[in-house]
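Structure record follows, encoded as structure tokens.
The values are calculated or read from the model by the stated rules, or taken from the named source; none is laboratory data. This is a predicted model, so every value here is computed, not measured. Methodologically, a virtual Cβ is constructed for each residue, glycine included, from the backbone with ideal geometry; neighbour enumeration extends over all protein chains shown.
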Amino acid sequence: MGTGRNSSSQDTKQRLVDGVLEVVRQQGITAVSARSVASAAGANQALVFYHFGSVEELVAQACLSATEARVALYRRVAMLGATLVREQHELLGAHAIGVHVDEDL
């Protein structure tokens, strides 16, 4: 039973974090308040304080979450790019060897 409650609590916290980001994107940082975030998240504004203690802590968590997500995306893109470059070098290297052998014949 605790798992369902914890899952619901985590869902609420994530909705509040997402709510902060939505308010900032749509209205700017000065529009962030417990009321505006709760409205965007579809939650009671008291949950902001229950889960985060203050609006400032919620904003800090939202910034951290957004930054972590962005860094993870950049890492995936960098890894993909490195893989593509490595494959390109391997293909070009194999082609160059093939061309070199053909020229010697």
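Mind counting the residues in the range 29-80 that are in a helix (DSSP H, G or I) and polar (S, T, N, Q)?
Filtering the range 29-80 down to residues in a helix (DSSP H, G or I) leaves 29-31, 34-41, 46-52, 55-80.
If we keep only those that are polar (S, T, N, Q) too, we end up with 30, 36, 39, 61, 65, 67.
Here the count works out to 6.
Do any residues in the range 26-53 that are over 16 Å from T12 (Cβ atoms) and surrounded by fewer than 18 Cβ atoms within 10 Å (Cβ to Cβ) have Cβ atoms under 9 Å from those of residues that are of a type in the set (S, T, Y) and modelled with pLDDT of 95 or more, where the two are at least six apart or on different chains, and which pairs are they?
Note: pairs meeting the criteria are Q27/S36.
Pairs, please: C-beta under 9 Å, at least 6 apart or cross-chain, first residue at positive phi and in the range 61-89, second among the hydrophobic types (A, V, I, L, M, F, W, C) and surrounded by 10 or more Cβ atoms within 10 Å (Cβ to Cβ)?
none
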